[in-house]
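Nothing in this text is a laboratory measurement; each read-out follows from the coordinates by a stated rule. None of the values given here were measured: they were computed from a predicted structure. Every residue, glycine among them, receives a Cβ derived from its backbone with ideal geometry; neighbour counts consider all protein chains shown.
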Amino acid sequence: MVVTAQNIDGNAAVKMAGVEKWYGEFHALKSIDLTVARGEKIVVCGPSGSGKSTLIRCINQLETVQDGTITVDGIELTAGPKNVEKIRRDVGMVFQQFNLFPHMTVLENCMLAPIKVRGVSKDEAEKTARTYLERVRIPEQAEKYPAQLSGGQQQRVAIARALCMNPKIMLFDEPTSALDPEMVNEVLDTMIDLASEGMTMLVVTHEMGFARKVADRVIFMDKGEIVEVGEPESFFSNPQNERTRTFLGQISH
Amino acid sequence: MFRTFGPNEVWYIVMAVQWTLLLSAVAFAGGAAGGIAIALARVSPIRPLRYFALAFIRVFQGTPLLMQLFLVFFGLNIFGVGINPWVAAAIALTLHASAYLGEIWRGCIEAVPSGQSEASWALGLGYRDRMSHIILPQAAKISVAPTVGFLVQLIKGTSLASIIGFVELTRAGQIINNATFQPLTVFSLVAALYFILCWPLSLWARHLEGRFAIATAR
Ligand SMILES: Nc1ncnc2c1ncn2[C@@H]1O[C@H](COP(=O)(O)OP(=O)(O)OP(=O)(O)O)[C@@H](O)[C@H]1O
Ligand SMILES: [Mg+2]
């Protein structure tokens, strides 16, 4: 999808303007401006400690910011806690460490939030959960506990769990970094499916194959700043910034 | 002349075990209710609540249990409730247990990985659902062994209630000793009875701890 100026602004899924984030003295995000259109897929990359996680965690307010505004789905987050709760229902997140609930079965993991937060009935929640477990290709694991699954399966459950809330936006924070290499693709394939269905996605990853295939734009961060933004084609073949070139050089071997 | 130490005396002491057990049970039940409140206050986002719980814990951990018993015992009297060793012991031990269990359980709540809270927030779960469905069930699993360990301490702690005149196991021993003047025999029996109460619990706590270590090593 080609992003034009008009579909970006009026109808943005996420809009960050002048966002500043400090951890004490440490300036973790420096005047971040970013607008994500509905249906757009953004890949965020950059060296360790550059602020990638912090950036996407601001979108569902797992991190609070000190300055600037963040608007998600037309609702300004920075305006108060009520808005934060509203937004979290509509923004799904997948973590590097899966963060499944270990004391619940796969099915219960997927049913809890729809029942408690959306107020859907148990039957309906189970039906939805089974549908999404089917979509991530692990319907047969529904009655198991997370510890009985492989890493790749756990991460697919985590994706299904987030999808059960029927989110408008999905955030992924290095979803494949904790996986054994042979399990990376099963998770990436699930994400590619999701992308093809039109989900708005922000993905922190160093899987450049995924970025080339799926991303509308690739963002390179360094030291808390967005250094470079580009469509994957030009971003990889012709990076403009010296820091981007150094980084791409490092991760390509 | 002294009474002889016969079957009746043994029986009197053995029967006093029920008061030790009852006092322990009341203090543990009260302490469990108070402890969960203190633990939740300790991890609350509301700052004054956190400070209140911290002060409560510090006071009760930083003063001898015997002083706490005295203060409640004489305090109740000053406030016109009258001298009642049973009520005073139950209240003082409940407060004491609340502080200790509160601190133990705070540790268990904080031992649940932060990713569990983050996943809950990300799904939009509110405070109540996050605590009751995600955090507390996992904290409870971790807490069983240290909680049983504290229960052993509490059972032994009830012996101090003898000093304010509550007739439990230790006090029964003192009464019999005053009549028979056979301290070694009497207090050996008393100690043996405490041991019979506490030893299986200690074993159980250690067994649970071992099981937990295996479970978390995976
Ligand atoms: N809770 C925190 N307190 C203090 N500093 C923090 C905290 N969280 C992150 N930081 C710092 O902020 C910076 C950005 O962190 P962030 O996790 O966003 O980096 P990242 O780009 O995701 O790195 P990685 O690739 O290692 O995940 C880092 O230098 C980190 O040390
Ligand atoms: Mg990170």
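Decide, for the stretch A:210-253, between rounded, prolate and oblate: order the square roots of the alpha carbon gyration tensor eigenvalues as a ≥ b ≥ c, take rounded if a/c falls under 1.5, and otherwise choose prolate if a/b is larger than b/c, else oblate. Since a/c reaches 1.5 but b/c is at least a/b, the shape of the stretch A:210-253 is classed as oblate. Both radii come from the Cα set of the protein assembly as shown: Rg as radius of gyration, Rh as Kirkwood radius; their ratio Rg/Rh reads 1.15.
Relative to its residue count, the stretch B:7-217 spans a Cα convex hull of 136 Å³ per residue.
Taking a sphere under 14 Å around the Cβ of B:PHE56 and counting the other residues whose Cβ falls inside, with K and R at +1 and D and E at -1, yields a net charge of +3. Computed about its Cα centre, the charge dipole of the stretch A:108-195 is approximately 440 debye, with only Lys, Arg, Asp and Glu carrying charge at their Cβ.
Inter-chain Cβ neighbour count for B:109-118, averaged per residue, equals 3 (cutoff 10 Å, partner chain atoms only).
The charge dipole of the stretch B:7-217, taken about its Cα centre with unit charges on the Cβ atoms of Lys, Arg (+1), Asp and Glu (-1) only, comes to about 400 debye. Quick check on the stretch A:154-219: take the gyration tensor over C-alpha atoms, sort the square-rooted eigenvalues as a ≥ b ≥ c, and tell me if it's rounded (a/c under 1.5), prolate or oblate. The shape class here is oblate. With the Cα gyration tensor of the stretch A:1-100 giving a ≥ b ≥ c as the square roots of its eigenvalues, does the rule (a/c under 1.5 for rounded; else a/b larger than b/c for prolate; else oblate) give rounded, prolate or oblate? Rounded is the answer for the stretch A:1-100, as its axis ratio a/c remains below 1.5. Between the residues A:ILE251, A:GLY74, A:GLN240, the greatest Cα displacement towards the positive end of the dipole of the stretch A:12-252, with unit charges on the Cβ of Lys, Arg, Asp and Glu, is found for A:GLY74.
Each part reduced to its alpha carbon centroid, the stretch A:9-66 and the stretch B:83-127 end up 36 Å apart.
Under 5 Å from the amide H of A:ALA37 lie the amide H atoms of A:ALA13, each residue being 5 or more positions distant or on a separate chain, with H modelled from the backbone and absent for Pro and chain starts. Cross-link pairs exceeding 23 Å between alpha carbons, from the set A:LYS82/A:LYS168; A:LYS144/B:LYS141; A:LYS82/A:LYS122; A:LYS168/A:LYS213; A:LYS41/A:LYS116: A:LYS82/A:LYS122; A:LYS41/A:LYS116.
For A:LYS127, a cut-off of 17 angstrom between C-alpha atoms picks up these aspartates and glutamates, skipping any fewer than 8 places away in its own chain: A:GLU108, A:GLU140, A:GLU143.
Comparing B:ALA29, A:PRO114, B:ILE13 along the charge dipole axis of the protein assembly as shown, the residue lying farthest to the positive side is B:ILE13, per the Cβ-charge model.
Net charge dipole, the protein assembly as shown: roughly 1420 debye, given to the nearest 20, about the Cα centre with Cβ charges of +1 for Lys and Arg and -1 for Asp and Glu.
Residues whose amide H comes within less than 5 Å of that of A:VAL203, counting only those at least five positions distant or on another chain, are A:ILE42, A:VAL43, A:VAL44, A:PHE172 (H built at 1.01 Å from N in the peptide plane). Scaled against 2.2 N^0.38 Å for its residue count N, the alpha carbon radius of gyration of chain A is 1.00. Along the stretch A:82-91 the Karplus relation, 6.51 cos²θ - 1.76 cosθ + 1.60 evaluated at θ = phi - 60°, assigns HN-Hα couplings of 4, 5, 4, 4, 4, 5, 4, 5, 9, 10 Hz to successive residues, with x for each Gly and Pro.
Inter-chain neighbour count for B:124-132: the average number of beta-carbon atoms from partner chains within 10 Å of each residue's beta-carbon is 4.
A dipole drawn for chain B from +1 and -1 charges on Cβ atoms has a positive end, and of B:LEU76, B:ALA122, B:ASN177 the residue lying farthest that way is B:ALA122. What residue among A:GLU174, A:GLU186, A:GLU25 has the largest mean-square fluctuation in a Gaussian network model of chain A, using Cα springs under 10 Å? Result: A:GLU25 has the largest fluctuation of those listed. Taking chymotrypsin sites (Phe, Trp or Tyr not before Pro) across the stretch B:71-124, the ones in a DSSP loop with at most 13 further Cβ atoms lying within 10 angstrom of their Cβ are B:PHE79.
Separation of the stretch A:113-137 from the stretch B:140-158 is 39 Å, based on Cα centroids.
Amide H contacts for A:ASN241 (H built 1.01 Å from N in the peptide plane; partners 5 or more residues away or on another chain; cut-off under 5 Å): none found.
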